[in-house]
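Structure record follows, encoded as structure tokens.
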Amino acid sequence: MTTSYWNIYRLATDVLKDSETCIEWLMEQELLPRSRNCPKCKKEMKLEIGIHGWGRFRCRKKHSSGGPVERQLTQNTLFEGAKITSMKAVLLIYAFATKMSFDQAIRETSLEGEQTSSETVTDWYSYCRETCMDTLDCKYDEGEIGGEGHIVEIDECKIGRRKYNKGRMIDGHWILGMIDREGGFRLEICPNNKRDRATLEELIKKHVAPGTTIMTDCWRGYAGLNQQGFEHFTVNHKYHFVNPETGANTQMIESNWRPLRKRLSRGGVKDEQLAMHMCEFLWRKDMVDQKMDAFIGMLQNIKRQFPVM
């Protein structure tokens, strides 16, 4: 019986025997097309694998405009313009999905004496993060979290780095987290690095359905939520973890800050890349919630983002 997860051994034995086997597997995953029709005569073109890079489709019929019509196998796919082999591309996607460090990715994807460059790892990890972002955009389009009878915990957190890992926070970004106790998680970077009342209310109304019961700390930026169509309860963390009168607490959202801080503070994240790294964090959390193998999930996300026509 075939296992429902992937590891390096299974990749090596089932997929990475040679370029032809790898490309055939990518076709089975619907990440590469099996056929294309000639845009001129509309007849199916012949596939030539391993020629001129990954392969090409070629119509041998002579057309009035001149020579034969050709189309690259990777056209309109994630792999279009790739300067690496199909086997290395698959390994890099696997390396990202399994959270390999840059050094691990370089070691595990260096094939046949050709070492993978750090620039290549950076590029392909960025491609995967863009897929995470695209996947979350589609998920957010499905609607808001919360609603009547739901409790959503909300808290803001400053993600940044301390000098020598101690002392005053010298820089960082305010991030607003919203988690539905029945499922659903949203993160937003606070615009202009503000967490005032107007900013927080706008972000909350964007992601949380009216009628939701919201629980927060006593930060004054949340003071007007009762007037925005929500039932609002607070807990004063100076005195309690749980409000002794109402039971209000934000323990679930707070438990998610530690892994997020660890992810975004490790090695530093450039400002322009913060959103993509946040999306990666949320994507991985979603994979865990769904009990799905991250590599399988990434392949499915790529398939949805780049449908083979």
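The values are calculated or read from the model by the stated rules, or taken from the named source; none is laboratory data. Nothing here was measured: the structure is a model prediction, and the numbers come from that model. All Cβ positions, glycine included, derive from the backbone under ideal geometry; neighbour counts span all protein chains shown.
Are there any pairs with C-beta distances below 6 angstrom linking a residue in the stretch 36-51 that is at positive phi to a residue that is at pLDDT 85 or above, with the two at least 6 apart or on different chains, and if so which?
GLY50/SER19
Looking at the stretch 271-284, which of its residues are of a type outside the set (A, V, I, L, M, F, W, C), in contact with a helix residue (DSSP H, G or I) (Cβ under 9 Å, 6 or more places away or on another chain) and modelled with pLDDT under 90? Can you show your working first?
Of the residues in the stretch 271-284, the ones of a type outside the set (A, V, I, L, M, F, W, C) are 271-273, 277, 280, 284.
Those still in the list that are in contact with a helix residue (DSSP H, G or I) (Cβ under 9 Å, 6 or more places away or on another chain) too: 273, 277, 280, 284.
Listed by number, the residues that qualify are GLN273, HIS277.
In the stretch 249-267, which residues are part of a loop (DSSP other than H, G, I, E, B) and either touching a strand residue (DSSP E or B) at 6+ places or on another chain (Cβ under 9 Å) or at pLDDT 95 or above (or both)?
Of everything in the stretch 249-267, those that are part of a loop (DSSP other than H, G, I, E, B) and either touching a strand residue (DSSP E or B) at 6+ places or on another chain (Cβ under 9 Å) or at pLDDT 95 or above (or both) turn out to be ASN249, THR250.
Of all residues in the stretch 17-36, which are in contact with a Phe, Trp or Tyr (Cβ under 9 Å, 6 or more places away or on another chain) and not β-branched (Val, Ile, Thr)? Give the derivation first.
Residues of the stretch 17-36 in contact with a Phe, Trp or Tyr (Cβ under 9 Å, 6 or more places away or on another chain): 19, 23, 26, 31-33, 35-36.
Correct list: SER19, LEU26, LEU31, LEU32, PRO33, SER35, ARG36.
Check whether at least one residue in the stretch 207-216 is in contact (Cβ under 8 Å) with a residue 40 or more places away in the chain, within 19 Å of the chain's Cα centre (by Cα) and surrounded by 17 or more Cβ atoms within 10 Å (Cβ to Cβ), and report yes or no.
Yes, the stretch 207-216 contains at least one residue that is in contact (Cβ under 8 Å) with a residue 40 or more places away in the chain, within 19 Å of the chain's Cα centre (by Cα) and surrounded by 17 or more Cβ atoms within 10 Å (Cβ to Cβ).
Scan the stretch 277-290 and give yes if some residue there is on the phi > 0 side of the Ramachandran plot, outside the structural domain of ARG34 (by TED's automatic domain parsing), of a type outside the set (Asp, Glu) and in contact with a Pro (Cβ under 8 Å, 6 or more places away or on another chain), otherwise no.
No.
Evaluate the following for GLU254: is it out of contact with any Leu (no Cβ under 8 Å at 6 or more places or on another chain) and under 20 Å from GLU144 (Cα atoms)?
The answer is no for GLU254.
With THR13, THR21 as the choices, which residue is closer than 22 Å to ASN76 by Cα, part of a helix (DSSP H, G or I) and modelled with pLDDT of 90 or more? Give the steps one after another, and end with the answer.
Working: THR13 fails: closer than 22 Å to ASN76 by Cα.
Among THR13, THR21, only THR21 is closer than 22 Å to ASN76 by Cα, part of a helix (DSSP H, G or I) and modelled with pLDDT of 90 or more.
Just checking, does the stretch 229-236 include any residue being acidic (Asp, Glu) and under 22 Å from HIS173 (Cβ atoms)?
Looking for residues that are acidic (Asp, Glu) and under 22 Å from HIS173 (Cβ atoms), one finds none in the stretch 229-236, hence no.
Given the options GLY211, GLY183, name the one that is within 19 Å of GLU254 (Cβ to Cβ) and of a type outside the set (Val, Ile, Thr).
Details: GLY211 fails: within 19 Å of GLU254 (Cβ to Cβ).
Answer to the check: GLY183.
Which condition number in (1) over 17 Å from the mean Cα position of the chain (by Cα); (2) over 16 Å from ILE145 (Cβ atoms) is the one that PHE306 fails?
The one condition PHE306 does not meet is (1).
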